Amino acid sequence: MSVLKKPFTAIAAAIALCATSLGALADEPRYNQVSLRAEVSQEVAHDLMHVTLFTEGQANDPTKLAAETTSAMNAAVEQARKVKGVTVSLGSRNSYPVYDDKGQKITAWRERAELRLESTDFAALSQLTADLLGKLKMGSMNFSIADATRAKNEDAMMKGAVDAFKARAQVLTDALGGKGYKLVSLNLNTSGAPRPMPVMRMAAMKADSYGGAPAQEIEAGTSQVTVSADGTIEVQMP
């Protein structure tokens, strides 16, 4: 029997310790948890220009067509690389057969290849685009905020988002009749919504009209950058 006393003694001690802990918790002030959100927004000017140009052709001989496409793209890439501050990359390239009216016999092949250009120097890229439109066709032109610019603005806005969260937390605490609050969790999130851009007139013009033509004036627009603070507070009641 003396051997069995030790386990029972340990269990009794554990129960006593648990009861003591529960008693201590009962003495702590009670809190009500509330989730809330605050955000700050700012218009940021686009400082990065994106242009997609393409070549597209059709021929009976797919090998000859591929060679012509490659030649056109190589010439465009070589010309684009000479412009300082412009990032050059190749986009998608695909070819597919063209069938007769009955859809049974291949009558020709079509091939399309893209050239993508990007720069913070709008004037240089706009002039390059005008020059290349004598050889390629316009696919798209759009604008965005450069990663470094976005990060700089978001960092500056984070303090404002936190301050707005704290102010709202205090308003809620006062509305609930609390005597204070403590922060349980807080998450900061960022987002940006680009503004609609006008359709570029150059996309509708014939490519052969660009021989030596001046570059189009650029209106890059803005995006609204938002930093939000989502979190939970515990309001201490009297």
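The values are calculated or read from the model by the stated rules, or taken from the named source; none is laboratory data. Owing to the predicted nature of the structure, the values given are computational and were not obtained by experimental measurement. Cβ atoms come from the backbone with ideal geometry, glycine included; neighbour counts cover every protein chain shown.
Restricting attention to segment 165-179 and to residues that are closer than 14 Å to Thr232 by Cα and surrounded by 12 or more Cβ atoms within 10 Å (Cβ to Cβ), the residue that is farthest from the chain's Cα centre (by Cα) turns out to be Thr173. Is it true that some residue in segment 215-232 is outside any strand (DSSP E or B), touching a Gly at 6+ places or on another chain (Cβ under 8 Å) and either under 19 Å from Ile145 (Cβ atoms) or at pLDDT below 85 (or both)? No, the conditions are met nowhere in segment 215-232. Among the residues of segment 133-150, those identified as in contact with a strand residue (DSSP E or B) (Cβ under 9 Å, 6 or more places away or on another chain) and over 30 Å from Ala75 (Cβ atoms) are Ile145, Asp147, Thr149, Arg150. Kindly indicate whether any position in segment 129-147 is in a helix (DSSP H, G or I) and either without any contact (Cβ under 8 Å) to a residue 60 or more places away in the chain or of a type in the set (Ser, Thr, Tyr) (or both). Taking every residue of segment 129-147 in turn, at least one turns out to be in a helix (DSSP H, G or I) and either without any contact (Cβ under 8 Å) to a residue 60 or more places away in the chain or of a type in the set (Ser, Thr, Tyr) (or both). Do the conditions hold for Arg37, that is, is it modelled with pLDDT of 95 or more, in contact with a strand residue (DSSP E or B) (Cβ under 9 Å, 6 or more places away or on another chain), under 30 Å from Leu183 (Cβ atoms) and surrounded by fewer than 17 Cβ atoms within 10 Å (Cβ to Cβ)? Here the answer is yes, as Arg37 does meet what is asked.
A count restricted to segment 73-108 and to residues that are within 34 Å of the chain's Cα centre (by Cα), free of Cβ contacts under 8 Å to residues at least 24 places away in the same chain and more than 23 Å from Leu48 (Cα to Cα) stands at 3. Those residues that are of a type in the set (Asp, Glu) and within 25 Å of Thr226 (Cβ to Cβ), I need them from segment 114-161; list them, please. Glu118, Asp147, Glu154, Asp155 - these are the residues of segment 114-161 that are of a type in the set (Asp, Glu) and within 25 Å of Thr226 (Cβ to Cβ). Taking the stated definitions as given, is Thr70 surrounded by fewer than 17 Cβ atoms within 10 Å (Cβ to Cβ), within 34 Å of the chain's Cα centre (by Cα) and free of Cβ contacts under 8 Å to residues at least 60 places away in the same chain? Yes; evaluated as a whole, the condition is true for this residue. Is there a residue in segment 94-114 that is closer than 30 Å to Leu186 by Cβ and crowded, with 17+ Cβ neighbours inside 10 Å? No; the residues of segment 94-114 include none that is closer than 30 Å to Leu186 by Cβ and crowded, with 17+ Cβ neighbours inside 10 Å. Being in contact (Cβ under 8 Å) with a residue 12 or more places away in the chain and under 21 Å from the mean Cα position of the chain (by Cα) holds for only one residue in Glu154, Glu111, and it is Glu154.
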